[in-house]
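Read through the structure below, which is laid out as structure tokens, and then see the notes.
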Amino acid sequence: MVVTPTRLKNSEYRSREYLTLDEVNALLGAVQSSPSFRNPERDYALMLIAFRHGLRASEASSLKWDAVDLKNATIYINRSKKSDSGVHPLQPNEVEALQATREAFPEGNYVFPSERGTRISEDAIASVVEKAGKLAGFPFKAHPHQLRHACGFYLANKGYDTRMIQAWLGHRNIQHTVRYTQLAAGRFDSIKW
């Protein structure tokens, strides 16, 4: 009888599935300060956009330049997994990061290209995030979906309405969004003993 190895539950590897804002900033700082990233402009923009817009790795990988309007500072997020797509505003530092990426990779249709000019693979995105996590000194293995969860928790902790967070992340079912507001520490700030 052949026994196939099974993967342990995520909770066996780490206590939480999201990154704090400080951890996201540490990832971004690791990319900017380490010479070991071959494409620092792309990798920085990739993680910044993935965090700010709650992108899945597949959504970041398939993002094309025709979805980005740098002049009007907007981006069309084409969601996967039957989620709702939509247009998001871009912040000035996101526009700068995307412009730097475009200058580094002037050819091609994909915002986050591979070195061959095709779209970056989801495995390559995972490698970039994991490497940045190691350089940032994380005691756990960082992965791209933690950036999506970090977005949801950040918005919930800032007090944004659950329906707005739902729309931002593209959730069709609000039950997928409620986990962010349920775990938001800020929701208990008014309780005094």
Query raised in the report: Over what distance in Å are the Cα centres of the stretch 25-48 and the stretch 98-160 separated?
Result: 9
Query - In the stretch 41-193, lysine pairs closer than 27 Å at Cα, eight or more apart or cross-chain - result: 10
Query raised in the report: Where a ≥ b ≥ c are the square roots of the eigenvalues of the C-alpha gyration tensor, would you call the stretch 15-184 rounded, which needs a/c under 1.5, or, failing that, prolate if a/b is larger than b/c, or oblate?
Result: oblate
Query raised in the report: Semi-axes of the equivalent ellipsoid of the stretch 43-102: what are they in whole Å, largest first, if each equals the square root of 5 times a C-alpha gyration tensor eigenvalue?
Result: 18, 13, 10
**Report entry** GNM flexibility winner over the chain from SER85, SER62, SER33 (Cα, springs under 10 Å)
**Finding:** SER33
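Could you order the peptides 75-82, 158-165, 145-152, 122-129 from most to least packed, using the average number of other C-beta atoms within 10 Å per residue? Walk me through the numbers on the way to the answer.
Values: 75-82: 15.6, 158-165: 14.1, 145-152: 22.8, 122-129: 18.4.
Descending packing order for the listed peptides: 145-152, 122-129, 75-82, 158-165.
Per DSSP H run of n ≥ 4, the term is -39500 (n - 2.57); total these for the chain, divide by its residue number, and report the mean residue ellipticity at 222 nm rounded to 500 deg cm²/dmol. List each step's numbers first, then the result.
On the way: 9 runs with 92 residues, N = 193.
Computed mean residue ellipticity for the chain: -14000 deg cm²/dmol.
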Report task. Report the extension gain between LEU21 and ARG172 in nm, rounded to one decimal, defined as 0.36 nm multiplied by the number of residues separating them, less their alpha carbon distance. Result -> 51.8 nm
Query raised in the report: Expressed in nm to one decimal, what extension gain is obtained for the pair SER58 and ARG116 from 0.36 nm per residue of sequence separation less their Cα-Cα distance?
Result: 19.1 nm
Report task. Give the value in nm², to one decimal: projected area of the alpha carbon convex hull of the stretch 114-153, averaged over all directions. Result -> 3.4
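About the Cα centre, and with charges only on the beta carbon of Lys, Arg (+1) and Asp, Glu (-1), how big is the dipole of the chain? Nearest 20 debye, please.
Values: 26 positive and 20 negative charges, 141 e Å.
Here the chain has a charge dipole of around 680 debye.
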Report task. Name the helices (complete DSSP H segments) of the chain with a Cα length along the long axis of 24 Å or more and a Kyte-Doolittle mean of at least -0.5, or state none. Result -> none
**Report entry** Amide H partners (placed H, <5 Å) of ARG119, local residues excluded
**Finding:** SER114
Query raised in the report: Taking a label point 7 Å from the Cα of ASN78 along the Cα→Cβ vector, which residues of the stretch 91-126 have an amide N closer than 14 Å to it?
Result: 109-112, 119-120
Report task. Can you tell me the order of 170-182, 42-54 when each peptide is scored by its average per-residue count of other Cβ atoms within 10 angstrom, highest first? Result -> 42-54, 170-182
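Throughout, read-outs are computed from the coordinates displayed, never taken from laboratory work. All of these numbers come straight from a predicted model, not from anything done at the bench. For neighbour counting, all protein chains shown are included, and Cβ atoms are generated from backbone atoms with ideal geometry for every residue, glycine included.
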